[in-house]
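K.L.:
One structure is given below, represented as C-alpha cells, and several questions about it will come after.
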Amino acid sequence: MSMDFTPRSVKLTFVKKNLLPAVRKGRPPSEMAASHVAIMDAVYTLLQEKSVRDLTMEEIAKCARVGKPTLYKWWSTKATLVLAMLCERMAPNLAMPTVLTAEESLRLRVRRLIDAFNGPFGKIVAGLIAEGQSDPAIRQEFFDQLVNPRRAATIADLQRGKHAGELLSDTEPDLLNDAIFGAIYYRFLLRSGPLTRRFGEELVEQVIRGHRSGNARS
C-alpha cells in the first residue's frame, strides 16, 4: 500500500480542513430560547407583585434561574428588559386587521389599548413611564418602541380615511390621534375618571364627530 504525500495532496487536505465550519461555542439555541422565555416569565411575574422601581436584576436572574451576566449580555439595564417584555407580550395584542374603515380601526385601537391598560400590563406600563420621568433615555425608548409604531399606524389609517373621503379634507390626522390617545393616557396615569370601553367609545365619538364627511359609514 502506498501513500501519496505529494505537495498537491497535502495542500488540498489543508484547504479542506480550513473549509470545515468552526465548532460553535456557547449554549445551544434551544437552551438560549428556553432561558429567554424564563426571563420574560420572571419579569412579568415579579412585576405583578412589585413596581418597576423596586424590581432588581438579581431577583429576575434568581427567578429565571440564570446568571446576572446573561441578563446584562442581552439587556443593558432593567428598564430595557422590562420594555422588551412589554414589546414581546403586550404589543402583539394591539395588532390590527387591515380591512376596516378608518373610524372602525380607530375605535378598535382605542378599545384594545384600554383593555391592555386595565389588564396585568397596565401597572407595568405606568411604572415604566414613571421611571422615564427621571431618565430621558427610558422615556425615549418607551416612545420609540411601544408608542410611536402604533401612533404612526393610527395616523396612517386616518390619512387613508381622509383620502377615501371618510373624513373631511381639512382633518389633521396627527392632531386627531393625539386628542384621543392623549386623553386615554391622561385618564390612565392620573385616574381622573374610570378608564372604560364606554369612555373610549364616547371619546372617539366626541372627537371625530366634527371630522366625518357625508361619505362616512355610520
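K.L.:
Hey, can you tell me all the residues within the stretch 133-146 that are surrounded by 14 or more Cβ atoms within 10 Å (Cβ to Cβ) and either β-branched (Val, Ile, Thr) or touching a residue at least 40 places away in the same chain (Cβ under 8 Å) (or both)?
P.N.:
138, 141, 142, 145, 146
K.L.:
I've got another one for you. Return the pairs, sorted by first residue and then second, in which the second residue is among the basic types (Lys, Arg) and buried (at least 16 other Cβ atoms within 10 Å of the Cβ), the first residue lies in the stretch 103-120 and is without any contact (Cβ under 8 Å) to a residue 60 or more places away in the chain and part of a helix (DSSP H, G or I), the beta carbons are less than 8 Å apart, and the residues are 6+ apart or on different chains.
P.N.:
Correct list of pairs: 109/150.
K.L.:
Scan the stretch 162-218 residue by residue and report those that are surrounded by 13 or more Cβ atoms within 10 Å (Cβ to Cβ) and among the basic types (Lys, Arg).
P.N.:
Matches in the stretch 162-218: 162, 187, 197, 212.
K.L.:
Within the stretch 73-102, how many residues are within 13 Å of residue 154 (Cβ to Cβ), open to solvent by 10 Å² or more (accessible area, probe 1.4 Å) and in a helix (DSSP H, G or I)?
P.N.:
1
K.L.:
Please find, within the stretch 19-38, the residue that is modelled with the highest pLDDT out of those that are loosely packed, with under 10 Cβ neighbours inside 10 Å, of a type outside the set (Gly, Ala, Ser) and in a helix (DSSP H, G or I). Even if it seems obvious, please write down each step before you answer.
P.N.:
The initial filter retains those residues of the stretch 19-38 that are loosely packed, with under 10 Cβ neighbours inside 10 Å, namely 19-26, 28-30.
This time we only want the ones that are of a type outside the set (Gly, Ala, Ser), so: 19-21, 23-25, 28-29.
Filter again for in a helix (DSSP H, G or I), leaving 19, 29.
Numbers: 19: 39, 29: 65.
Among residues in the stretch 19-38 that are loosely packed, with under 10 Cβ neighbours inside 10 Å, of a type outside the set (Gly, Ala, Ser) and in a helix (DSSP H, G or I), the one modelled with the highest pLDDT is 29.
K.L.:
I'd like to know if the stretch 122-132 contains one or more residues that are assigned to a loop (DSSP other than H, G, I, E, B) and open to solvent by less than 60 Å² (accessible area, probe 1.4 Å).
P.N.:
no
K.L.:
Please specify each residue of the stretch 158-187 satisfying the condition of being in contact (Cβ under 8 Å) with a residue 60 or more places away in the chain and among the charged types (D, E, K, R).
P.N.:
Passing the criteria: 162, 166.
K.L.:
Moving on to the next point. Among what's in the stretch 39-58 and is over 19 Å from residue 121 (Cβ atoms) and assigned to a helix (DSSP H, G or I), pick the residue that is most open to solvent (accessible area, probe 1.4 Å).
P.N.:
Among them, the one singled out is 58.
The values are calculated or read from the model by the stated rules, or taken from the named source; none is laboratory data. This structure is a prediction, so every number in the text was calculated from the model and none was measured. For neighbour counting, all protein chains shown are included, and Cβ atoms are generated from backbone atoms with ideal geometry for every residue, glycine included. Accessible surface areas use protein heavy atoms only, side chains included; no ligands, DNA or RNA. Shrake-Rupley method; radii C 1.70, N 1.55, O 1.52, S 1.80 Å.
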